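Chemist: Following this message is one structure expressed as structure tokens.
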Amino acid sequence: MAGKKQFDMDTALDAAMIQFWRAGYAGTSLDDLSRATGLNRSSIYSSLGDKDTLFLRCLDRYAARYGDKYDAALSRAATEPLEAVRAFFDVTLDRIADPELPDGCLIAQTAMAIPVLSPGIAAHAREALGRQRSRLRAALKAGSLPDQDAEAFAEHVAAVNQSLAVMSRAGASPAQLVAVVGVTVDALSQALRARRTGPA
């Protein structure tokens, strides 16, 4: 007996996520989502929720997917903090270099649009940015940086990481992005070296 075509939730959510990532929340209409997912409007509402609900699901999906990769990169921070931060940046650089993915970062572009977003979506974007700073702060503290330095570098590394996505959308070359990362890694290297050697 011929079966009804199965709805694949993961495939639909990935398609919606890519659409929001490519065009942004404001630049994505329900018709765009319908074309991306292959679902009609009523199916989108019944299976995925309204536009706000679907966007929040996509934002969480994106944050979890890359958050897991960032966590894996930073997992060796206690013994190799500098290499861990390089690996953290590599997650972003690899994503930017992937021709199958849109330019930029879904969280970064959402954060830039906060003034025109609903309070719920804006809060969600802030939470996602906060989680990135928190994972960096914990990793740098594990890497023997004192609390104040770990806090400062967590803010800095998170800011540079988000700027890479913005720069890539603006046409920066891979070499330029690597050079930006290099400045941050060099500064962290000096801080770690100073921590190990202590006052002269």
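Chemist: Give the angle, between 0 and 90 degrees and rounded to the nearest 10, that separates the Cα long axis of helix 9-23 from the longest principal axis of the Cα atoms of the chain.
Modeler: 70 degrees
Chemist: So how strong a dipole does segment 1-113 carry about its Cα centre when Lys and Arg Cβ are +1 and Asp and Glu Cβ are -1, to the nearest 20 debye? Please list the in-between numbers first.
Modeler: On the way: 13 positive and 17 negative charges, 78 e Å.
Approximately 380 debye in magnitude.
Chemist: Now a separate question. Could you give the dipole magnitude of segment 67-182 about its Cα centre, charging the beta-carbon of Lys and Arg +1 and that of Asp and Glu -1, in debye to the nearest 20? Spell out each step's value before the answer.
Modeler: Details: 11 positive and 14 negative charges, 43 e Å.
In total the dipole reaches around 200 debye.
Chemist: Using the Kirkwood radius built from alpha carbon pairs, what does the Stokes-Einstein equation give as D for segment 83-133 at 37 °C and 0.692 mPa s, in µm² per second?
Modeler: Numbers: Rh = 12.3 Å.
Translational D for this selection: 267 µm²/s.
Chemist: In square angstrom, what is the accessible area per residue of segment 105-195 with a 1.4 angstrom probe?
Modeler: 48 Å²
Chemist: Next question. Top to bottom by accessible area (1.4 Å), largest first, where do THR11, THR79, THR53 land? Don't skip to the answer; put the middle values down first.
Modeler: Numbers: THR11 85, THR79 115, THR53 60 Å².
Result, largest first: THR79, THR11, THR53.
Chemist: Same structure again: List the trypsin sites (Lys or Arg not before Pro) within segment 18-122 that fall in a DSSP loop (any state other than H, G, I, E or B) and whose Cβ has at most 16 other Cβ atoms within 10 Å. Walk me through the numbers before you get to the answer.
Modeler: Working: sites: ARG22, ARG35, ARG41, LYS51, ARG57, ARG61, ARG65, LYS69, ARG76, ARG86, ARG95; in loops: ARG76.
Within segment 18-122, the qualifying trypsin sites (Lys or Arg not before Pro) (loop, at most 16 other Cβ atoms within 10 Å) are ARG76.
Chemist: Right, next: Given the protein chains as shown and a 1.4 Å probe, how many square angstrom of MET112 are accessible, to the nearest 10?
Modeler: For MET112, the solvent-accessible surface is approximately 120 Å².
Chemist: Let me ask another. So, with a 1.4 angstrom probe, what is the percent of accessible area on segment 56-200 that is carbon and sulfur?
Modeler: Carbon with sulfur: 55 percent of the solvent-accessible area.
Chemist: Follow-up question, since we're still on this one. How large is the dipole of the chain about the Cα centre if only Lys and Arg carry +1 and Asp and Glu carry -1, each at its Cβ, rounded to the nearest 20 debye?
Modeler: For this selection, approximately 160 debye.
Chemist: If you average the sequence gap of Cα pairs under 8 Å that are 6 or more apart and divide by the length of the chain, what percent do you get for the contact order?
Modeler: It comes to 20 percent, rounded to a whole number.
Chemist: Round to the nearest 10 and give me the degree value, 0 to 90, for the angle of helix 81-97's Cα axis relative to the longest principal axis of the chain.
Modeler: Helix 81-97 sits roughly 30 degrees off the main axis of the chain.
Chemist: Output the relative contact order of segment 1-106, whole-number percent, from Cα pairs under 8 angstrom with separation of 6+ residues. The partial results should precede the final answer.
Modeler: Values: 73 pairs, mean separation 28.7, N = 106.
Across segment 1-106, relative contact order equals 27 percent.
Chemist: Shape verdict for segment 93-200, please, from the Cα gyration tensor: rounded (a/c under 1.5), prolate (a/b greater than b/c) or oblate.
Modeler: oblate
Chemist: On average over all directions, what projected area in square nanometres does the chain have, based on the convex hull of its Cα atoms? List each step's numbers first, then the result.
Modeler: Values: hull surface 55.3 nm².
Value for the chain: 13.8 nm².
Chemist: To the nearest 10 degrees, how steep is helix 119-142 against the longest Cα principal axis of the chain, on a 0 to 90 scale?
Modeler: The angle comes out near 30 degrees.
The values are calculated or read from the model by the stated rules, or taken from the named source; none is laboratory data. Worth saying up front: this structure is predicted, and the values here are computed from it rather than measured. Positions of Cβ are backbone-derived with ideal geometry, glycine not excepted, and every protein chain shown enters the neighbour counts. The area values use the complete protein model at the heavy-atom level, side chains included, leaving out ligands, DNA and RNA. Shrake-Rupley method; radii C 1.70, N 1.55, O 1.52, S 1.80 Å.
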